[in-house]
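The values are calculated or read from the model by the stated rules, or taken from the named source; none is laboratory data. Model, not experiment: these values are computed from the prediction. Using ideal geometry, Cβ is built from the backbone for each residue, glycine included, and neighbour counts are taken over all protein chains shown. SASA here: full protein model, heavy atoms, side chains in, ligands and nucleic acids out. Shrake-Rupley method; radii C 1.70, N 1.55, O 1.52, S 1.80 Å.
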Amino acid sequence: MRQRPLAGIGYAAGLLHPENQMKRSVLMMIAVAAALSAPAHAQTAEYQLKARDIYARIISFRTAQGQDQTPAMAAYLIGVLKAGGVPGSDIATLEAGGATALIVRVPGRSTGRPILFSAHMDVVDARPQDWERDPFKLIEENGNFYGRGTMDNKAGVAALVSTILRLKAGKTGPARELVFAFVGDEETGMETTRAIAAHPWVKNAEFAINTDAGGGTLDDATGKPLIYLVQGAEKTYATFDLMVRNPGGHSSRPRADNAIYELAHALDKIEAYRFPVMANDLTRAYLGAMGKAQSGAVGEALRKFAVDPTDTAAADTLAKAPEFVGTTRTTCVATMLEAGHAENALPQRAAAAINCRIFPGVEVDTVRAALVAAIADSAITVTTRGNAQGSPVSEMRPDVTAAITRAVRANYPGIEVVPYLESGGTDGKVYRLAGIPTFASSGLFSKPSEMFAHGLNERLPVASFYQGLEHVYRLAVELGGMGRAR
Ligand SMILES: [Zn+2]
């Protein structure tokens with residue numbers, strides 16, 4: 001999981017129309033109260049308790065890189081699934097890049113293309129000595145579940161398993177085949193995600209729901225639900241190394257060419273360079289929704305840009321807003337610098353790292369070429385670090401949007417559901433690159449100030465956990481062609 005954009009969220013409360021605000025907030029209080037007292041009634045208690053038990057068990061596996069606990073967690077999940085009626089022939093274990101992943105299929109009654117649901121089992125490591133509580137023990141306290149992976153992404157794993165068990169316990173299976181993926185290395189190589197995307201059960205999937213991003217935002221001060229975001233695309237992450245070499249020499253005898261000065265001039269040019277403005281349906285929908293509730297010059301620019309992305313004045317205003325600039329164009333910024341080897345020597349080498357977040361549809365090489373042209377100095381080499389690869393936009397589908405909106409509004413009536421462009425990264429890009437349109441929707445709501453994924457004292461509101469279970473189940477039922485969940 002990467003941090004959801006918190007852009008303009010503080011103003012988004014106004015998204016609720018004033019005339020309906022009272023009615024909605026009453027409904028929401030009822031909904032939230034019901035969720036907080038979950039299990040709310042006897043019929044639902046059993047699966048919720050079961051899911052909580054699974055959640056507690058999987059938090060206890062330290063599935064971080066180097067700890068080798070993911071195979072044990074996968075084995076535990078296989079046991080739970082088999083006990084819940086999933087035949088061994090519908091479970092596959094995959095190994096890739098030294099990691100273990102699991103896929104589970106729930107056959108459909110008809111022959112439509114399958115739908116994929118995805119979550120990841122691995123976590124970013126947590127050092128127990130740095131935490132206030134044991135990070136590998138699920139602890140419920142102050143209305144929160146604490147533990148590494150409570151948010152990222154073991155609530156998603158529990159929701160997928162819970163959904164499979166509920167489908168298996170039901171009288172009729174889904175009309176469409178549903179495939180559930182448990183990725184083993186999302187936080188590192190994403191090799192198992194690649195293996196999953198290529199697997200015969202998955203490669204023909206019509207689209208995917210990823211539980212590893214997307215979700216609702218609660219107002220930091222009041223806890224009021226503000227907006228629900230569905231991830232439909234990701235920016236490409238790429239780093240370019242700038243390098244100047246020079247014969248150097250004694251600093252008492254300066255020469256006309258100097259690696260540090262040359263690099264500094266190149267950085268000046270990159271600072272001044274602006275990549276062209278870009279937009280697509282997804283970013284316009286997002287910026288428009290943000291603009292609806294935001295006042296002032298930025299709000300006006302958001303509204304104008306959403307209507308007309310060629311409005312250069314609006315684009316210029318947004319270029320100065322750190323929370324929005326990334327949704328309007330490719331951005332590159334200097335992040336590291338290294339030069340020289342002695343205080344009394346002319347530098348033989350000067351290097352800088354330029355980190356770029358590339359707009360979907362733009363090739364990494366195109367960005368490199370733009371940097372080379374902006375620098376216009378053949379003494380500077382510009383090389384791409386690693387194997388950066390872009391991924392396409394998944395345009396929102398009416399069926400998916402409708403199902404997600406219904407599932408979210410079951411708890412938060414009237415809340416606006418908006419797609420967004422992720423500036424961080426999840427393994428959704430691997431599925432998109434493999435040709436599977438992917439929408440990230442966790443069903444989880446949290447406050448921006450309480451977002452601790454990858455950090456210390458990671459937590460998830462207890463109510464949010466149960467809502468996340470219900471979210472995935474409702475999507476599976478509706479998208480799987482079983483009507484609408486009640
Ligand atoms: Zn994640």
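Please give the per residue accessible area of the chain, computed with a probe of 1.4 Å over protein heavy atoms only, in Å². Counting only protein heavy atoms, the per-residue value for the chain is 42 Å².
The stretch between ASP311 and ARG484 holds 58.1 nm of extra length on full extension. This uses 0.36 nm per residue minus the Cα-Cα distance.
Can you figure out the FRET efficiency of THR381 with THR188, using R₀ = 51 Å and their beta-carbon distance, to the nearest 0.05?
0.95
Considering only THR381, PRO360, ALA293, the residue lying farthest towards the positive end of the dipole of region 278-395 is ALA293, judged by Cα position with unit charges set on Cβ. Sorting GLU206, GLU343, GLU323, GLU46 by accessible area puts them as GLU343, GLU46, GLU323, GLU206; the probe is 1.4 Å, largest comes first, and only protein heavy atoms count. Here's the list of lysines a cross-link from LYS292 could span, going by alpha-carbon distance under 25 Å and ignoring same-chain residues fewer than 8 apart: LYS23, LYS224, LYS235, LYS304, LYS320, LYS447. On the principal axes of its alpha-carbon atoms, the chain has extents of 85, 54, 48 Å, going from largest to smallest.
For region 236-384, which whole percent of the accessible surface, found with a 1.4 angstrom probe, sits on carbon and sulfur atoms? The partial results should precede the final answer.
Details: 4090 of 7640 Å².
Answer for region 236-384 is 54 percent, counting heavy atoms of protein chains only.
Rg/Rh for region 236-384 stands at 1.12; both radii use Cα atoms, and Rh follows the Kirkwood definition. When +1 charges are put on Lys and Arg Cβ atoms and -1 charges on Asp and Glu Cβ atoms, the dipole computed for region 165-217 relative to its Cα centre reaches about 460 debye. Of the complete DSSP H runs in the chain, those spanning 15 angstrom or more by Cα along the long axis with a mean Kyte-Doolittle score not below 0.5 are 18-36, 70-83, 154-169, 296-307, 364-375.
The GluC sites (Glu not before Pro) of region 59-152 that meet both conditions, a loop assignment by DSSP and at most 14 other Cβ atoms within 10 Å of the site Cβ, are GLU132. Rounded to whole Å, give me the distance from the Cα center of region 78-128 to that of region 310-358. Each part's Cα centre sits 41 Å from the other's.
Would you work out the charge dipole size for the chain about its Cα centre, treating the Cβ of every Lys and Arg as +1 and the Cβ of every Asp and Glu as -1, and quote it to the nearest 20 debye?
Result for the chain is approximately 1280 debye, rounded to the nearest 20.
Net charge dipole, region 194-253: roughly 440 debye, given to the nearest 20, about the Cα centre with Cβ charges of +1 for Lys and Arg and -1 for Asp and Glu. In this calculation the C-beta distance from GLU395 to SER110 is compared with R0 = 25 Å, giving a FRET efficiency of 0.50.
Subtracting the Cα-Cα distance of THR93 and ALA297 from 0.36 nm times their residue separation leaves 68.1 nm of extension gain. Each of ASN142 and ALA353 was given a label point 7 Å from its Cα along the Cα-to-Cβ line. The distance between the two points is 3.4 nm. Quick check for you: which residues of region 354-377 have the amide N under 13 Å from the point 7 Å beyond the Cα of LYS269 toward its beta carbon? It comes to 369-377, nothing else.
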